[in-house]
Amino acid sequence: MSYLGAWAAFDSPMENQRHPNDNSPRTFDILDLRRPLSMPHKMRQRITFFHKYEHAVEPTSLKLDGRTISGPDVMAEREDRITLAIEELPTELQVLLRDSQELYIRWQKPAAYETVGPWKSRLPPGLHVFYSPSHHKRPDGEQLCRLIRTTFGPLDCSSIDESFTKLPTDRFSHSTAHQYYQILNDLSHFTSYFEQFFCASPDPDCKARAQRLLNANSLDFSYDMISHSVKVTALWPHAKQPLSISSHPNHRAEVGIMTADYPPHLLPHEQGVTGLLTVLGEDSKPAPTMFSFPSRHKTATGTSFSSSFPPPTGLHPTMQLQISSNKPPMEGASCSLHTYLTLPRVIFADKYQLSDDLFLASKNLTSLRYISKPVDLEAPEYAMKPWGSSVLLELQPPDTEEDQPWTAEIPLHLRYLSPAEHAYKKIHVPWPTMFWACTAEDGTKFPNNPFDRVNLGYDGLFGPRTLFWHVDPKPNVGENNLYHKIQVPVLDMAQSRLIGGGTSAAVLAGFLFIVWKLLVVCRGPTETAPRTPRKSPRRKSTKYL
C-alpha cells in the first residue's frame, strides 16, 4: 500500500465499516479502530519485525503457505500486539474493566538496550500501573490489587486507596487518576498466568509464545472505555529473530517486515516506514507498503546518561546523573531537559528542600515540576502503605556554546527500615528516565500512530504538543542492570537482645536508685553522736575615747 493510500484509508468514515473484514485497509492498526459493540469477537494479532536497512529481507526468500509464513532469520526488533474484545478475557478481568475508564499496565526490563524501530519511549524499569475508575461507579478498591498479585506475583498491593498514589487529572485531561509502581525483575509469574488462562493444553505454539516473554524488553496492557478493547503488546530486543509464524483460522494476523524510510515530504515530527506486509490466510505474497505517522517520542541521538550513588550513601544518599551533552536535540525550538524518577517508599525526595532556588542551582537543577502527594517525611518504611512517590525534575545544563558533558545531583533521603541480620539491608532503586521536552510548532497534531506507547506517567504532565526526545541510559562497562543497590544501616537482630537486655538493666538500676533516694528522704535525718557545740568567737569591746 502506498503512503497516500494508507492515509486515504485513515480519513475514510468509520461508521460505514465493520472491521476486521476481507476488505479492511492494511494500515497496520494505524486507526485504532472504534469497533461497533455488536461485531463478532475476533482476535487480531500484529507481528512486526523492524530491521536496519543493511539487514533487509529479500521478498523472494519468504514463503507463504496458507496461514503460515516462513523465511530466513532476520536481524531485527520484534513487536507482537494482540487486540481482544472484553468478552474474550477471563471473567475476573472482564468485571474489573467494565467498571474502569482506563487501565494501563507497563513493564520495563531492568536492562539497557538499543532501539532500532519506532519504539522510542522509555520508562524506569519495573511494573507501572495507571488507572482511572468509571465515573458511574465507585471501584472495588481491592479488585485491581488482587488481579495484579494474581498476574505478576505476590506484590505489595492491598487496595487503590492504600497502595496507589493520585495523579493530577485537573492539569491535563489525558492523565489517569491513580498510579502504582513496584520493582519487578522478570515476567516469570506472568508467563505462568498466561499459559493457564490463554493456552489450551494441546497448543504448544501458545506456550512457546508465553515462554518467549521471558526475553522481552517490555510488556504493555492497554484498555480504555472508548475503544472497548484490550491491547497486549510485547517488544523483543534487536537480535536474530526466527521468521516462522502461523495463525489460527479464527484470528486475523498481520505480519510486517519494516525499516525506516525518509521521504522528501517527511516532517520533523513524523516517522517514515517502508517494507512488506502480509495478512496470513488472505495474501498469496507479501505486499509492499509505505506510510508515515506523527510520533511524539524520539531518540536524542548521540546523547546518553549514567546514574550512580557516590559512596558513602548513609541515610541521605545523592543520585548523581552524568550527561554526555548539554545541547538540545532541536535547534530553534523551546526545549528543556527533564528526569522522571519512580522512588519506592523506602526512599523519597524532600519537596521543601527542592524548593530553594539557590540550592537547586548548586546541583544543576532548575525546578521541581511535580511530586506525587502525599509524601510523609517522617514515617518509617514499615509504617507506610502507598507504593512510594514519583518525581519530575527539570535539569539545568551549562549555558555554553561548546558541547560538553556535565553532572546533576538529586538529594534523596532513606526511611528507617525494620531490623535485619548483620545490621544492613539491601534496597533497590530504579534508574530514572531522561528526556528533552520540546514544544512542537503551532498547528501540529499527534493522532494515534500504530507504534506509539502512551500513558507513561510523565507524558500526562505535559501539553499535547510536546515532543519527547529520550536520552538513552548507559551503564558502566560490564554492567547492564538498571537497578541501584544500596546498603542501608538498620538495627542488628543478633545484637538486639543484648541491647534490649542492657537497656532494661540500665532502666531497672535507675529505678532502684530513685526508690532508694525516696526512702532516704522519707525516713528523715538519722540519729548520730551528739555534736560538740561550737564556741562562738568573743567580740572585742571597743572603747571610744
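The values are calculated or read from the model by the stated rules, or taken from the named source; none is laboratory data. Treat the numbers as computed from the prediction; the structure is a model and nothing was measured. Methodologically, a virtual Cβ is constructed for each residue, glycine included, from the backbone with ideal geometry; neighbour enumeration extends over all protein chains shown. Heads up: the accessible areas ignore ligands, DNA and RNA and are worked out on the full protein's heavy atoms, side chains in. Shrake-Rupley method; radii C 1.70, N 1.55, O 1.52, S 1.80 Å.
Structural remarks
- Summary value for segment 353-488: 24 percent relative contact order, contacts being C-alpha pairs under 8 angstrom separated by 6+ residues.
- What you get for segment 303-421, charging only the Cβ of Lys and Arg (+1) and of Asp and Glu (-1), is a dipole of about 500 debye around the Cα centre.
- Rolling a 1.4 Å probe across the protein heavy atoms gives segment 210-352 an accessible surface of 40 Å² per residue.
- For the chain, the longest principal axis of the alpha carbon atoms and the long axis of helix 143-152 meet at an angle near 80°.
- Ordered by 1.4 Å accessible area with all protein chains kept, V279, V57 run largest first as V57, V279.
- FRET efficiency for the D356 to H422 pair, using the beta carbon distance and R₀ = 41 Å, is estimated at 0.65.
- Annotation: amide H of M319 within the under-5 Å range of I410, L412, sequence separation 5 or more or interchain, hydrogens built in the peptide plane.
- J(HN,Hα) series, segment 372-387, from Karplus relation 6.51 cos²θ - 1.76 cosθ + 1.60, nearest Hz, glycine and proline x: 5, 10, x, 10, 6, 7, 10, 5, x, 4, 6, 9, 8, 10, x, 5
- With a cut-off of 15 Å on the backbone N, the residues of segment 415-456 near the modelled label site 7 Å out from D492 along Cα-Cβ are 419-425.
- Check: segment 137-264 dipole with +1 on Lys, Arg Cβ and -1 on Asp, Glu Cβ, in debye: 120
- Counting only alpha carbon atoms, the long axis of helix 188-198 and the longest principal axis of the chain meet at about 40°.
- Entry note, the chain: relative contact order of 17 percent, from Cα contacts under 8 Å with a spacing of 6+ residues.
- Report note on the peptides 63-71, 42-50: ranked by the mean count of other C-beta atoms within 10 Å, highest first, their order is 42-50, 63-71.
- Antiparallel DSSP beta bridges within the chain, percent to nearest 5: 90
- Violating pairs (Cα-Cα greater than 27 angstrom) within the set K120/K351; K207/K385; K42/K445; K63/K207; K166/K327: K120/K351; K207/K385; K42/K445; K166/K327
- Table column - 3J(HN,Hα) (Hz), segment 47-61, Karplus curve with 6.51, -1.76, 1.60, x for Gly and Pro: 10, 10, 9, 10, 10, 6, 4, 6, 9, 5, 10, 6, x, 6, 7
- Mean ellipticity per residue at 222 nm, deg cm²/dmol - from DSSP H runs of n ≥ 4 across the chain, formula -39500 (n - 2.57): -5000 deg cm²/dmol
- One Cα centroid belongs to segment 446-491, the other to segment 261-325; the line between them spans 12 Å.
- What separates the Cα centres of segment 354-432 and segment 57-128 is a distance of 32 Å.
- With the charge dipole of the chain set up from +1 on Lys and Arg Cβ and -1 on Asp and Glu Cβ about the Cα centre, the Cα lying farthest toward the positive end among the listed residues A260, V507, S418 is that of V507.
- Karplus-derived HN-Hα couplings along segment 257-265 (A = 6.51, B = -1.76, C = 1.60, θ = phi - 60°), whole Hz, x at Gly and Pro: 10, 10, 8, 5, 10, 10, x, x, 8
- Paired Rg and Dmax values of the chain, which use every Cα atom, in angstrom: 32.3, 150
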